[in-house]
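Remarks on the structure that follows.
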Amino acid sequence: MAEGGGDGEGEENGGEVWDEGGRMKYYAHSENNDGSKHDLSKHLFETAQKAEALACRKEYSQFFRLAGLLHDFGKYQPAFQDYLEHGGRRGSIPHAKWGAGYARKFKIYDVSIAIDGHHKGLPNRADWKNDTNQIVYDDEPDFDEVKNAFLVDTGFDEMTLEYVCAPALNGLQHEIFIRYLFSVLTDSDWLSTEKHFDDIKSSMRPIRTLPIVAMLNRLEEEFSAKSKSGEINQLRNLARNEAIGKALLATGFYSLALPTGMGKTLTSLAWALRHAQHNKLKRIIIVLPYISIIDQTARELKRIFGDEWILEHHSSYNEASNSTTDRSEDYPAEQKRKQLACENWDYPIIITTTVQFFESLFSNRPSKCRKIHNIAESVVIFDEVQTIPKEIVLPTLGMLNDIQEIMRTSFLFCTATQPAYEKRPGFDGITAITPLIESPGILYDKSKRVTYQLLDELTPISFARLKDTVTKHDEASLVIFNTKKDALEYFMIMKSNKTWDAQYHLSTAMCPDHRKKTIRNIKSDLKAKKKILVVSTQLIEAGVDFDFPLVFRALAPLEAIIQSAGRCNREGLLNHSGKLGNVYLFLLQDARYPNKTYHACAGYAAELLQDDIEQLYSHNVFEKYYASVFALYIDQASQQGIINARKDFNFETVNDIYRYLDDHSEGLFVYNYNDESRDLLHTLQFKEYISRDDYRAMQPFTVQAYENFIYQNREDVKTSPHGFKIWYGNYDPATGISVDPMEADKYVV
């Protein structure tokens with residue numbers, strides 16, 4: 001019987017397969033479409049070579065190679081070879097513990113842990129020990145037979161294991177090194193396996209390096225085409241040139257603090273490309289808090305550099321939810337390549353969400369961790385970095401610190417409201433952050449575009465009082481609330497008012513397509529100088545480039561106040577006539593807040609502003625405020641649990657307790673939004689399979705809702721045969737999914 005994938009044809013004898021030299025042949029995987037099994041030693045060496053090539057430092061190479069060579073050591077079990085030959089229940093012959101135990105015998109613990117988790121996920125320390133104890137303490141009767149088969153088949157010299165020396169790392173650095181090693185092993189293993197089972201798919205994986213010189217040329221063309229007249233444009237150029245001047249520094253942590261509207265996206269990219277060129281870094285990863293900003297950023301970068309260099313990775317673009325029935329054979333080749341690159345982030349420029357980025361870093365699951373090794377030797381740009389939840393900021397910054405040390409990565413924090421992330425007494429943050437702009441205060445002073453005022457000195461006011469105040473101003477106005485309930489209630493009150501040319505509502509109760517169209521109409525009306533009223537939740541505080549002459553903001557944490565002010569006189573057009581935009585801060589009677597931390601921070605902001613509102617004009621007010629808020633109102637002890645679990649190498653526990661978002665929400669496809677949503681659903685209902693393209697087509701008509709909302713309205717919610725949920729209830733053309741205003745915040749995310 002001929003077998004492929006080995007050193008030649010094999011001969012079957014009594015259920016065993018032997019090569020021409022009389023040695024027994026061993027296999028890693030069953031037959032592929034060509035009828036060939038995957039030769040085990042070939043798979044081990046292929047995985048080892050791929051892994052070794054992914055080391056960002058020479059001293060890591062032996063560990064990565066060793067993990068590849070030993071990861072399927074347990075497949076030399078006769079029982080596993082019999083399973084491949086005759087079949088059986090998947091997973092019925094465990095093999096990971098064998099290589100893990102073998103590595104542990106020689107005290108190569110990093111490799112042992114990574115191998116133990118390469119199928120089930122990185123384990124807790126106690127589980128790893130339990131998995132491997134039998135082999136370590138010589139209680140596995142078949143171990144010597146399996147080991148000898150491995151040594152003979154691979155020609156591996158066991159003596160080399162005596163001389164493996166672990167890198168000199170502290171506890172948490174050791175933990176991220178294991179994650180790095182695990183990611184490398186997982187990706188290398190899967191790539192080798194994929195090549196065996198689907199060589200066509202394997203050959204489609206993109207092989208693209210960051211074209212730095214070409215991209216810098218395109219960026220310079222973009223800058224050259226922009227207007228250089230006017231003070232704002234001149235300030236943008238000054239800021240960009242100063243930032244670029246810091247590009248030739250070593251990898252580390254950097255910050256870019258610029259006022260809203262100063263072009264930080266392209267400035268950060270100009271710095272990142274030069275920094276990558278100087279430090280021989282491989283890719284740029286742009287991490288953004290909201291999908292709406294990703295859409296906007298991706299469009300801009302694709303326009304400048306071309307679609308083929310930019311990979312978007314987020315749920316709305318290229319993830320098929322939990323579908324296992326994706327049929328992508330008819331996808332265009334470029335789309336297939338991008339889908340494959342989403343698995344491991346092997347791409348020049350990646351744009352992703354903070355949720356995707358951080359939950360992958362803290363995960364123990366092979367599929368999520370597979371991409372982590374490509375964060376090594378990258379420039380990671382965090383835009384709107386102030387949105388990292390304060391409740392998890394310490395373990396999050398700690399993880400970034402360790403990655404920077406171990407994986408030769410540079411991080412750039414970009415925002416108009418720079419948090420106090422540096423290490424200080426009582427705050428174990430980033431060791432050192434180098435600012436790209438040495439004197440940002442000058443830029444903030446010269447680009448001053450608004451004046452702040454406290455409405456009724458922050459005495460609590462009614463909706464009626466707010467209505468009178470907003471109505472008397474004969475200008476386009478934006479009113480921002482902290483909750484959907486308040487925004488919806490106020491919008492309904494103002495709806496009957498005929499003062500305005502048009503009135504708009506914005507919240508996440510509206511599906512993305514609805515929000516996009518509304519935002520487009522708002523921008524069009526503002527450009528036409530119409531007097532419009534927009535009532536919104538905080539969703540517009542980042543990534544939505546509105547330019548209102550007048551903004552009213554419900555009392556909120558300081559970062560939200562400053563971000564809201566960025567929607568006022570954004571382009572500085574009022575300055576030409578000697579005016580500034582006006583931002584009014586107000587406190588509602590019986591004010592509501594999204595959570596306790598938000599409420600506490602808003603209260604502290606009120607104290608500061610009532611004491612001296614002039615602080616809002618200082619560029620570093622937010623940094624001081626953040627440090628105080630963190631010390632006064634954030635429970636640091638609760639964050640220590642994640643840090644301690646990392647110190648103890650309890651990877652599964654870290655995965656379970658680290659949550660960037662904890663909203664327990666689920667997507668609802670809105671049937672009654674418009675004809676397009678109805679037609680799409682009718683089309684999908686007749687499909688046997690739902691593809692990634694189908695899920696992507698559904699995203700513009702999908703609203704995230706809390707589980708309780710779905711349960712309370714179960715008569716209006718149906719589950720499709722494909723597993724996704726459909727909202728058949730009312731959908732208001734102005735405000736979205738219709739619920740009682742008193743219940744809005746409880747249910748719709």
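Taking a ≥ b ≥ c as the square roots of the eigenvalues of the Cα gyration tensor, an a/c ratio of 1.5 or more together with a/b no larger than b/c marks the stretch 159-216 as oblate.
When a/c is below 1.5 the answer is rounded, else prolate if a/b is larger than b/c, else oblate, so apply that to the stretch 189-248 with a ≥ b ≥ c taken from the square roots of the Cα gyration tensor eigenvalues. Mind showing how you got there, number by number?
Numbers: a/c = 4.81, a/b = 3.34, b/c = 1.44.
Taking the square roots of the gyration eigenvalues as a ≥ b ≥ c, the stretch 189-248 is prolate.
With the convex hull constructed from alpha-carbon coordinates only, the stretch 227-321 shows a mean projected area of 7.5 nm² over all directions. Remark on the stretch 68-222: hydrodynamic radius 17.9 angstrom, per the Kirkwood mean of 1/r across alpha carbon pairs.
Amide H contacts for T451 (H built 1.01 Å from N in the peptide plane; partners 5 or more residues away or on another chain; cut-off under 5 Å): G581, N582, V583. A 1.4 Å probe over all protein chains sorts L70, L191 by accessible area into L191, L70, starting with the largest. Against the chain, whose longest principal axis is taken from its Cα atoms, helix 264-279 shows a tilt of about 30°.
For K371, neighbours were defined as the other residues whose beta-carbon sits under 10 Å from its Cβ, and their charges (Lys and Arg +1, Asp and Glu -1) total -1.
How large is the charge dipole for the chain, taken about the Cα centre, if only the Cβ atoms of Lys, Arg (+1) and Asp, Glu (-1) carry charge, to the nearest 20 debye? If you can, show how the numbers build up before the last one.
On the way: 87 positive and 106 negative charges, 653 e Å.
Roughly 3140 debye for the chain.
Measuring spread by the Cα atoms of the chain yields a radius of gyration and Dmax of 28.6, 95 Å.
The local environment of A476, defined by Cβ-Cβ distances under 9 Å, has a net charge of 0 under the rule Lys, Arg +1 and Asp, Glu -1. With only Cα atoms counted, the stretch 373-508 has Rg and Dmax values of 21.6, 61 Å.
Per atom type, the stretch 523-617 shows carbon and sulfur on 48% of its accessible surface, probed at 1.4 Å. Measuring nothing but protein heavy atoms, the accessible surface of the stretch 621-729 at 1.4 Å probe radius is 45 percent carbon and sulfur.
When shorter helices are ignored and each DSSP H run of at least 4 residues is given -39500 (n - 2.57), the per-residue value for the chain at 222 nm works out to -13500 deg cm²/dmol.
Going by alpha carbons, how many degrees (0 to 90, nearest 10) lie between the helix axis of 212-225 and the longest principal axis of the chain? Compared with the principal axis, the helix lies near 10 degrees. Along the stretch 28-39 the Karplus relation, 6.51 cos²θ - 1.76 cosθ + 1.60 evaluated at θ = phi - 60°, assigns HN-Hα couplings of 8, 9, 6, 5, 8, 5, 8, x, 9, 7, 8, 4 Hz to successive residues, with x for each Gly and Pro. Just the protein heavy atoms count here, and of the accessible area of the stretch 379-452 at 1.4 Å, carbon and sulfur take up 52 percent. Here each label is just a point 7 Å from Cα along the line to Cβ, and for N133 and Q685 those points are 5.7 nm apart.
Computed 3J(HN,Hα) for the stretch 463-476, one whole-Hz value per residue from the Karplus formula 6.51 cos²θ - 1.76 cosθ + 1.60 where θ = phi - 60°, is 4, 5, 5, 5, 4, 4, 5, 5, 5, 6, 7, 8, 9, 4, glycine and proline marked x. When R303, R218 are compared by accessible surface with a 1.4 Å probe, the order from highest to lowest is R303, R218.
Count charges around Q615 for me, please; just the other residues with Cβ under 13 Å from its Cβ, Lys/Arg as +1, Asp/Glu as -1. Here the charged neighbours net out to -4. Semi-axes of the equivalent ellipsoid for the stretch 207-276, computed as √(5λ) from the eigenvalues of its C-alpha gyration tensor and ordered from largest down, come to 22, 16, 9 Å.
The distance separating the Cα centre of the stretch 246-272 from that of the stretch 375-393 comes to 14 Å.
Give the angle, between 0 and 90 degrees and rounded to the nearest 10, that separates the Cα long axis of helix 596-611 from the longest principal axis of the Cα atoms of the chain. Helix 596-611 and the main axis of the chain meet at about 40 degrees. As a ratio to 2.2 N^0.38 Å, the alpha-carbon radius of gyration computed for the stretch 436-542 takes the value 1.24. For A28, the residues whose modelled amide H falls within less than 5 Å of its own, excluding neighbours fewer than 5 places apart on the same chain, are H38, D39, L40.
In sequence order, the stretch 572-581 has phi-based couplings of x, 5, 5, 4, 4, 9, x, 10, 10, x Hz under the Karplus curve 6.51 cos²θ - 1.76 cosθ + 1.60, θ = phi - 60°, and Gly or Pro positions carry x.
Taking every DSSP beta bridge with both residues inside the chain, roughly what % is antiparallel (nearest 5)? Don't skip to the end; give the middle numbers.
Numbers: 18 of 73 bridges.
Counting DSSP beta bridges with both partners in the chain, the antiparallel share is about 25 percent.
The amide H of N620, built 1.01 Å from its N in the peptide plane, has no neighbour under 5 Å, considering only residues 5 or more places off or on other chains. Distance from the C-alpha centroid of the stretch 661-736 to that of the stretch 500-515: 18 Å, rounded to the whole angstrom.
Please work out the average accessible area per residue across the chain, using the 1.4 Å probe convention, and give it in Å².
Values: 31290 Å² over 749 residues.
Ligands and nucleic acids excluded, the figure is 42 Å² per residue.
Shape call for the stretch 487-528 from the C-alpha gyration tensor, a ≥ b ≥ c root eigenvalues: rounded (a/c under 1.5), prolate (a/b greater than b/c) or oblate? Because a/c hits 1.5 or more and a/b fails to exceed b/c, the stretch 487-528 counts as oblate.
The values are calculated or read from the model by the stated rules, or taken from the named source; none is laboratory data. Since this is a predicted model, take the numbers as computed values, not measurements. Quick reminder, even Gly has a Cβ in these numbers, built from the backbone with ideal geometry, and neighbours come from all protein chains shown. Heavy atoms of the whole protein, side chains included, go into the accessibility calculation; ligands, DNA and RNA do not. Shrake-Rupley method; radii C 1.70, N 1.55, O 1.52, S 1.80 Å.
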